[in-house]
Amino acid sequence: MKLSQSFSNQLLVAMPHMVDPNFHQTVTLLCQHDQEGALGIIINRPADIKTEEIFDQMEINIPDDFSANIPVYSGGPVQPDRGFVLHTPCTDWDSSLIISDHIALTTSRDILEAIAIDEGPEKALIALGYSGWGENQLEQEMSANAWLNTPSTQALLFDTPINQRWQSAAAQIGIDINLLTASAGHG
């Protein structure tokens, strides 16, 4: 099956009837979507770890006055011990995937070292793990009404309160997610 459109740089909004505990009421930024599958980062599931703990585990020194309030999220169930940084602007880090003109996903240590000394990106969030879909899997889930998709915005990624992101992402396309049912979209 030929990929009809790419959902890269789109937000996937889990439908209310999504029962998979990994994705129930989540919003996922699709960072990459092509013929081979998709990779995304959940942006509204806080992790039980603080930025300082990650730096400590990676032996990255932080100054005594370290105050970066960068949230850490559970980015998805795949490789939950691997770190990802969603950020703006797109600066030259060792290992980055450019998602749009304003958003990138970086997996290299240099960005965390820069964040530790307050020389990191203007806006960032750290995620542990990612969400992945195999070939045609996401398209099948979209056809089964498991997800809504909406364009990503920096405001939703970085500024909207975490507990409002699910409703706000759906509201971008005029949908009150709380009014949808499991049969929505089925004829």
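The values are calculated or read from the model by the stated rules, or taken from the named source; none is laboratory data. Keep in mind it's a predicted model, so treat the numbers as computed, not measured. Heads up, the Cβs are rebuilt from the backbone with ideal geometry, glycines too, and the neighbour counts pull from every protein chain shown. The accessibility values were calculated without ligands, DNA or RNA, using every heavy atom of the protein model including side chains. Shrake-Rupley method; radii C 1.70, N 1.55, O 1.52, S 1.80 Å.
Scanning the range 76-126 for residues that are closer than 16 Å to residue 152 by Cα, open to solvent by less than 40 Å² (accessible area, probe 1.4 Å) and either free of Cβ contacts under 8 Å to residues at least 24 places away in the same chain or not in a strand (DSSP E or B) (or both) turns up 99, 100, 103, 104. Would a scan of the range 170-180 turn up a residue that is part of a helix (DSSP H, G or I), surrounded by 15 or more Cβ atoms within 10 Å (Cβ to Cβ) and touching a strand residue (DSSP E or B) at 6+ places or on another chain (Cβ under 6 Å)? Yes, the range 170-180 contains at least one residue that is part of a helix (DSSP H, G or I), surrounded by 15 or more Cβ atoms within 10 Å (Cβ to Cβ) and touching a strand residue (DSSP E or B) at 6+ places or on another chain (Cβ under 6 Å).
Pick out the one residue from 19, 13, 27 that is over 23 Å from residue 102 (Cα atoms) and of a type outside the set (Ser, Thr, Tyr).
Testing whether each residue is over 23 Å from residue 102 (Cα atoms) and of a type outside the set (Ser, Thr, Tyr) leaves just 19.
Taken together, 20, 48, 64, 56 contain a single residue that is open to solvent by 10 Å² or more (accessible area, probe 1.4 Å) and closer than 25 Å to residue 151 by Cβ, which is 20.
Of all the criteria given as (1) on the phi > 0 side of the Ramachandran plot; (2) open to solvent by 50 Å² or more (accessible area, probe 1.4 Å); (3) in contact with a strand residue (DSSP E or B) (Cβ under 8 Å, 6 or more places away or on another chain), the one not satisfied by residue 154 is (1). Taking the criterion of being more than 28 Å from residue 27 (Cα to Cα) and in contact with a helix residue (DSSP H, G or I) (Cβ under 8 Å, 6 or more places away or on another chain), no residue of the range 40-57 qualifies.
Looking only at the range 24-39, residues that are open to solvent by 80 Å² or more (accessible area, probe 1.4 Å) and touching a helix residue (DSSP H, G or I) at 6+ places or on another chain (Cβ under 6 Å) come to 1 in all.
The numbered conditions (1) modelled with pLDDT of 90 or more; (2) of a type outside the set (S, T, N, Q); (3) surrounded by 16 or more Cβ atoms within 10 Å (Cβ to Cβ); (4) over 18 Å from residue 33 (Cα atoms) are all true for residue 129 except (4). Considering (1) in contact (Cβ under 8 Å) with a residue 24 or more places away in the chain; (2) surrounded by fewer than 18 Cβ atoms within 10 Å (Cβ to Cβ), the lone condition that residue 73 does not fulfil carries the number (2). The test for being under 24 Å from residue 19 (Cα atoms), touching a residue at least 40 places away in the same chain (Cβ under 8 Å) and among the hydroxyl-bearing types (Ser, Thr, Tyr) does not hold for residue 168.
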